[in-house]
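Notes follow once the structure below has been shown.
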Amino acid sequence: AIAPVAATPYMLVVHPSLPVRNLAELVALAKAQPGQLNFASTGMGTGQHLAGELLKRLAGIDLLHVSYRGSGAVRADLLTGRINLMFENLALTLGMVQRGEVRGIAVTSPERSALAPELPTLKELGYPGAEVEGWFGLLGPARLPAEQVVPLNRAVNAWLATPAAGQKLAGLGARVLGGGPEALADLVQREKERWGQVIREAGIKPE
């Protein structure tokens, strides 16, 4: 581990044909129609899939997971309504929401996103354990000497502190992380433990 870099949230979106305007209505509909609503991902075990499985457990609802092998097909089916809902990268989905192609329900970041400040976080809506982000960190080969890790870490954090880096990452819907090698190592360990439990409980197996 060298340095944490940034984290990007997902947006929970639904097709406009679904008669829901917020998360409470979505959960109520799912409970009224157990196993009838579906959510998509671009592959088994992806962040999109795990976010949906986590929501199922936290909200006590039954959703059908539909796994795709690429983003093109899943977006096409989401736009036509064959897919009811999906967790997708916020920056990639924002244009679809603005064009009215899908309806934004919530974001998965710890705080509201500057790109979509009108959307509440799942934490705000009563699901504090539902924070889900795709994160990025810089790693090197195993047993990389500390004398090489230290200057690399300093360089990453110096870049993250620049206005240019902040603006670039903000435009991608990402939040700056930064920190020492220990922070990245801790993040990796926490994520392994957290998602390992979700994977085991959901019975997710490699395709």
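The values are calculated or read from the model by the stated rules, or taken from the named source; none is laboratory data. Just so it is clear, the structure is predicted and the values come from calculations on it, not from any experiment. Backbone-built Cβ (ideal geometry, glycine too); neighbour counts: all protein chains shown. The accessibility values were calculated without ligands, DNA or RNA, using every heavy atom of the protein model including side chains. Shrake-Rupley method; radii C 1.70, N 1.55, O 1.52, S 1.80 Å.
General observations
- Accessible carbon and sulfur surface of segment 20-178 relative to its total accessible area, %, 1.4 Å: 57
- Modelled FRET efficiency - R0 25 Å, residue 64 with residue 191, Cβ distances, 0.05 increments: 0.45
- Averaged over its residues, the chain has an accessible area of 51 Å² per residue, based on protein heavy atoms and a 1.4 Å probe.
- Couplings for segment 107-117, taken from phi via the Karplus curve 6.51 cos²θ - 1.76 cosθ + 1.60 with θ = phi - 60°, read 10, 9, 6, x, 10, 4, 8, 5, 6, 9, x Hz in order; Gly and Pro are left as x.
- In the chain, the calculated helix contribution to ellipticity at 222 nm averages -13500 deg cm²/dmol per residue, counting -39,500 (n - 2.57) for every DSSP H run with n ≥ 4.
- Judged by the gyration tensor of its Cα atoms, with axes a ≥ b ≥ c, segment 97-155 is prolate; a/c meets the 1.5 cut and a/b is the larger of a/b and b/c.
- Each part reduced to its alpha carbon centroid, segment 1-51 and segment 122-136 end up 11 Å apart.
- Estimated translational D of the chain in µm²/s (Stokes, Kirkwood radius over Cα pairs; 4 °C; 1.567 mPa s): 71
- Nearest 10 degrees, 0 to 90: helix 47-59 Cα axis against the chain principal axis: 60
- Counting lysine pairs in the chain whose alpha carbons fall under 25 angstrom apart, excluding pairs fewer than 8 residues apart on the same chain, gives 7.
- Rounded to 10°, Cα long-axis angle of helix 146-160 versus longest principal axis of the chain: 60
- Cα gyration tensor shape of segment 34-125, rounded if a/c is under 1.5, else prolate or oblate by comparing a/b with b/c: oblate
- Using the average count of surrounding beta-carbon atoms within 10 Å as a protection proxy, the listed peptides 92-105, 192-205 rank, highest first, as 92-105, 192-205.
- Residue ranges 79-90, 52-63 sort as 79-90, 52-63 when ordered by packing (mean number of other C-beta atoms within 10 Å per residue, highest first).
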